[in-house]
Amino acid sequence: MDQDIKEVLISEEAIREKVRELGEILSAEYAGKNPLVICVLKGAAFFMTDLVRQMNIPLEMDFMAVSSYGASTQSSGVVRILKDLDTAVEGRHVLVVEDIIDSGLTLSYLIDLLKRRNAASVKVVTLLDKPHRRTVDLKPDYCGFVVPDAFVVGYGLDYAEKYRNLPYIGVLKPEVYR
Ligand code: PRP
Ligand code: MN
Ligand code: MG
């Protein structure tokens, strides 16, 4: 285990099993719809690429980079588009893939944007949901795990751009970010 991690919250095996389960559900949901699966960079990169490999249906992928956190542990409330989609979403069934929903600001902004671009449908799948800190009314359509209000990193989630490559979800030692 990494020396900056207090405890493993969700193991590599538990993640793999959950991703398989979600992939099965989403394959049934999106069969015949050629969904546009959108990865919200950078955090969702690992979840998205693992998830689509568990979806045995035709689909397309695209990537968007937005940031609301920067190097801070607190959401700034300002969502910036760092990289927009390459694909036109008009008339498409869009599935947004996130690693975590915290305040909900990032996703509420994105969902709004995709609807204004006339997507046929917009749904959200998140690996982690941290409902305690929600400031906007937003519920994911599909969710892997509900997590407590702790600073979690790994499997895409960072603190100041580090720890994304941990294969599990862990809780960061407080002294690391204090
Ligand atoms: C994190 C996380 C989500 C978002 C959730 O991304 O990956 O995208 O914050 O927080 P919210 O619900 O309060 O908006 P971040 O902005 O840190 O960028 P990153 O994915 O590149 O780490
Ligand atoms: Mn993110
Ligand atoms: Mg981040």
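Brief remarks on what is shown
- Its Cα centre serving as origin, the chain has a Cβ charge dipole (Lys and Arg +1, Asp and Glu -1) of approximately 380 debye.
- Convex hull of Cα atoms in the chain, direction-averaged projection (nm²): 9.5 nm²
- Which listed pairs, of Lys115/Lys173; Lys6/Lys42; Lys33/Lys162; Lys6/Lys83; Lys83/Lys130, have C-alpha distances above 28 Å, in listed order: Lys115/Lys173; Lys33/Lys162; Lys6/Lys83
- Around the Cα centre of the stretch 106-158, unit charges on the Cβ atoms of Lys, Arg, Asp and Glu (plus for the first two, minus for the last two) sum to a dipole of about 240 debye.
- Taking θ as phi - 60° and the Karplus parameters 6.51, -1.76 and 1.60, the scalar couplings of the stretch 140-149 work out to x, 6, 9, 9, x, 9, 8, 10, x, 7 Hz in sequence order, x denoting glycine and proline.
- Top positive-direction residue, dipole computed over the chain with Cβ charges, set Phe145, Tyr109, Tyr30: Tyr109
- Panel order for Met61, Met1, by other beta carbons found within 10 Å of each beta carbon, from fewest to most: Met1, Met61.
- Sorted on the mean count of surrounding Cβ atoms within 10 Å across their residues, most packed first, peptides 105-115, 128-138 read 105-115, 128-138.
- Distances between placed amide hydrogens fall under 5 Å for Asp141 paired with Val124, all partners being 5 or more residues away or on another chain.
- Estimated 222 nm signal from helices in the chain, with DSSP H stretches of n ≥ 4 weighted -39500 (n - 2.57), rounded to 500: -7500 deg cm²/dmol
- Our note on the geometry: Cα centres of the stretch 93-162 and the stretch 41-62, 15 Å apart.
Read the figures in this text as sums done on the coordinates, not as results from a lab. As the structure is a computational prediction, the values presented were derived from the model and not from experiment. Heads up, the Cβs are rebuilt from the backbone with ideal geometry, glycines too, and the neighbour counts pull from every protein chain shown.
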